[in-house]
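Novice: Have a look at this one.
The values are calculated or read from the model by the stated rules, or taken from the named source; none is laboratory data. Treat the numbers as computed from the prediction; the structure is a model and nothing was measured. Cβ coordinates were reconstructed from backbone atoms using ideal geometry, including for glycine residues, and neighbour counts include every protein chain displayed.
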Amino acid sequence: MAYSAQRDEPAAADIGGADHAAKIDQLLLSGLDHYFRGRFERAIDVWTRVLFLDSSHARARTYIDRARAAVAERVRESEALRQAGGVSRADAIDAPGPSMMHDFAITETYVIFPLGSVYFDIQAIAEGGTFGDAIKARPDLNLKFGIRRREAGSEVSWFDAPSVGYMFHPGNAYEEDGKIFMDACTYENPQGLLDTLGSVRDATDCDGLIAHPYLYEFDLASGTCKETKLSDISAEFPRIDDRLIGYKNRWGYAATGEPGQGAGSFARRITKYDRRGGPSVDQPIIHGQWVGEPVFVPRCEGAEEDDGFVLNMLYDAVGDRSALEVRDARAIDSEPLARLWLEERVPVGFHGNWLQTQ
C-alpha cells in the first residue's frame, strides 16, 4: 500500500468561525507532507494560505523561508550538475511510509531502497516539535526494501524483511540466479539507536550504538526476503573496492568492535571480510584509539580486487588528535604503511570518499 501525501487543502475563503485554528493546523500539516516529499513549491503555496488567515503566523513564515531556501539550493545544485554534465533524470517514488532513509544500494540492473523501522511523525513538527521529536522508532514495522529496475518509469516492488531493524550503510549488492544479494550493517534495536544518538556526543549512553553485518537475499520471482546475520561482532561503515559496486565482490572492509565489550567497543579496529567463507582478518586494537570508515584504493588501474591500500581516519583519545592511516589491504593486521597526524581533530564517525584531483 503506497503512502499518500495528499491531504484536503481548504481554500482560505472557506475558513472561519470556530474552525479557524483547526484549519490552520490542517494547512500546516499538509504543507509539511509536501515539504518532506520534496515538493517545496507546493508546500510554499499551502503555507501561504495560512498567512491569508493569520498574517502574523510565525511558524508558517518560518516554514516558507525554509522551503524557499530548499528551492534555491535545488536550483543551485541543478545548475552545478548541468555545468558538470551529471544527472540526466530524477524520479519521485511513493513509499509505504515516511521512513528515515540514509543510503541505498545498486546492482548492475536494479536499485534497492531500504526503509528501516524508524519513521517521521509529521504531526509532531506541525505541533511545534523539533526534528528529534518527529523521529520515531516503529517496532511494529519490519524492515522494508523497495527494488526497481534502473530504467525510467519502472515499478517498485516492496519486500518485507523477517525482522525489525534500521541501517545507515549498505555494503554492496549484486544479482545472481534471479536473486539480489545485499550486505549491510543493521541495528536490531531502532529505539535504542535513537536513544543513543541523542546522547552519544557526551558519551553518557552508547548502548544502542550496535549494528551487526547482515546478508539480505531477495527472490525476485517469489517476492520474498531472507536475512542472515553474518557475525555477532558489531560493525559499521562497510566498504568494498568501489570498482565492483553493483557486482559480486569477494573482499569487504568495515569498522568493527572489540569482541565481548558491548557498545563501548564501537569502531575499535578495521576488519577485512572474505565473502567466499574464508577467515576474517582484524587490525590490532590499540588502547585509546578508534577507527573510521575504511576506504579501499587500488594500487593501480588494473590491480586485483584486494591489491591496494586501505585509508582510515584514526582518532586517538589519549592525545585528542586524529591521523590518516594507510594500510596494505593484503596485510590489514600488520603495522600501517603511513600515519599522517592532522593539525585538527576530526570527530569520530566522520566518513566519505577520497577522490583524485584529476
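Novice: Can you name the number of the only condition in (1) outside any loop (DSSP other than H, G, I, E, B); (2) in contact with a strand residue (DSSP E or B) (Cβ under 9 Å, 6 or more places away or on another chain); (3) surrounded by fewer than 18 Cβ atoms within 10 Å (Cβ to Cβ); (4) polar (S, T, N, Q) that Asn172 fails?
Specialist: Every condition holds for Asn172 apart from (3).
Condition check ((1) free of Cβ contacts under 8 Å to residues at least 24 places away in the same chain; (2) among the aromatic types (Phe, Trp, Tyr); (3) assigned by TED's automatic domain parsing to the domain that holds Ala134; (4) within 17 Å of Ala90 (Cβ to Cβ)) across all residues:
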{"residue": "Ile24", "(1), (2), (3), (4)": "no, no, no, no"}
{"residue": "Leu28", "(1), (2), (3), (4)": "no, no, no, no"}
{"residue": "Phe36", "(1), (2), (3), (4)": "no, yes, no, yes"}
{"residue": "Glu41", "(1), (2), (3), (4)": "no, no, no, yes"}
{"residue": "Arg49", "(1), (2), (3), (4)": "no, no, no, no"}
{"residue": "His57", "(1), (2), (3), (4)": "no, no, no, no"}
{"residue": "Ala60", "(1), (2), (3), (4)": "no, no, no, no"}
{"residue": "Tyr63", "(1), (2), (3), (4)": "no, yes, no, no"}
{"residue": "Glu73", "(1), (2), (3), (4)": "yes, no, no, yes"}
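Novice: Follow-up. Give the residues of the range 281-294 that are free of Cβ contacts under 8 Å to residues at least 40 places away in the same chain and surrounded by 16 or more Cβ atoms within 10 Å (Cβ to Cβ), sorted by residue number.
Specialist: Listed by number, the residues that qualify are Ile285, Gln289, Val291.
Novice: Take the residues in the range 258-275 that are surrounded by fewer than 17 Cβ atoms within 10 Å (Cβ to Cβ) and in contact with a strand residue (DSSP E or B) (Cβ under 9 Å, 6 or more places away or on another chain); name whichever of them is nearest to Asn353 (Cα to Cα).
Specialist: Asp274
Okay, residues lined up against (1) closer than 24 Å to Ala184 by Cα; (2) aromatic (Phe, Trp, Tyr); (3) in contact (Cβ under 8 Å) with a residue 40 or more places away in the chain:
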| residue | (1), (2), (3) |
| --- | --- |
| Thr109 | yes, no, yes |
| Leu115 | yes, no, no |
| Val118 | yes, no, yes |
| Ala126 | no, no, yes |
| Thr130 | no, no, no |
| Ile135 | yes, no, yes |
| Lys144 | yes, no, yes |
| Arg148 | yes, no, yes |
| Val156 | yes, no, yes |
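Novice: For the subset of the range 182-216 comprising residues that are part of a strand (DSSP E or B) and either surrounded by fewer than 19 Cβ atoms within 10 Å (Cβ to Cβ) or among the small types (Gly, Ala, Ser) (or both), which member is modelled with the lowest pLDDT?
Specialist: Checked the range 182-216; the qualifying residue modelled with the lowest pLDDT is Ala211.
Novice: For the range 314-345, enumerate the residues that are assigned to a loop (DSSP other than H, G, I, E, B) and surrounded by 16 or more Cβ atoms within 10 Å (Cβ to Cβ). Walk me through it before giving the result.
Specialist: Step one: list which residues in the range 314-345 are assigned to a loop (DSSP other than H, G, I, E, B), which gives 317-320, 329-337, 342-345.
Result: Ala329, Arg330, Ile332, Pro336.
Novice: Could I ask something else about it? Quick one: in the range 120-135, which of the residues that are among the small types (Gly, Ala, Ser) and out of contact with any Asp or Glu (no Cβ under 7 Å at 6 or more places or on another chain) is surrounded by the most Cβ atoms within 10 Å (Cβ to Cβ)?
Specialist: First pass over the range 120-135, keeping only residues among the small types (Gly, Ala, Ser): 124, 126, 128-129, 132, 134.
Still in the list and also out of contact with any Asp or Glu (no Cβ under 7 Å at 6 or more places or on another chain): 128-129, 132.
Numbers: Gly128: 9, Gly129: 13, Gly132: 10.
The extreme case among them is Gly129.
Novice: With under 27 Å from the mean Cα position of the chain (by Cα) and modelled with pLDDT of 90 or more as the only criterion, which of Asp274, Asp333, Asp307 stands out?
Specialist: Asp274
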